[in-house]
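Would you mind keeping the following structure in view while I ask a few things?
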Amino acid sequence: MTRRTAFITGGGGMAALETGKLETYVPYTDSLTTRLLGAFPWLIRRVEPRFAAVGERGRRRYLARHGLVPAAPAPTPATATSATTR
């Protein structure tokens, strides 16, 4: 997923919230990504950390842009797993 695709997808989600429409346009590259991961589900474990990192950077940028401060840092998958297995 490229930075542009993440931006467009996020913008589509925000547009849906602002307009109240249930259907929004999803970029073609997102469709290809979904089809690829559906055909090869074992790839999900390899690409999910990268997608999560891109999403986290976008979340932090959004919070900074709107002057919001997160209450606590979001747990990483490794932290959440180790906390539940103790």
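The values are calculated or read from the model by the stated rules, or taken from the named source; none is laboratory data. Please read these numbers as outputs of a predicted model, since none were measured by experiment. Every residue, glycine among them, receives a Cβ derived from its backbone with ideal geometry; neighbour counts consider all protein chains shown.
Consider only pairs whose beta carbons are under 9 Å apart and that are at least six residues apart or on different chains; among these, list those whose first residue lies in the range 37-51 and is among the aliphatic types (A, V, I, L, M) and whose second residue is outside any helix (DSSP H, G or I) and surrounded by 10 or more Cβ atoms within 10 Å (Cβ to Cβ).
VAL47/MET1
Does the range 46-69 contain at least one residue that is loosely packed, with under 10 Cβ neighbours inside 10 Å, modelled with pLDDT of 90 or more and of a type in the set (A, V, I, L, M, F, W, C)?
Scanning the range 46-69 turns up no residue that is loosely packed, with under 10 Cβ neighbours inside 10 Å, modelled with pLDDT of 90 or more and of a type in the set (A, V, I, L, M, F, W, C).
I want to confirm something. Restricting to the range 18-37 and keeping residues that are surrounded by fewer than 10 Cβ atoms within 10 Å (Cβ to Cβ) and in a helix (DSSP H, G or I), which single residue is modelled with the highest pLDDT?
Per the stated criteria, the residue is TYR28.
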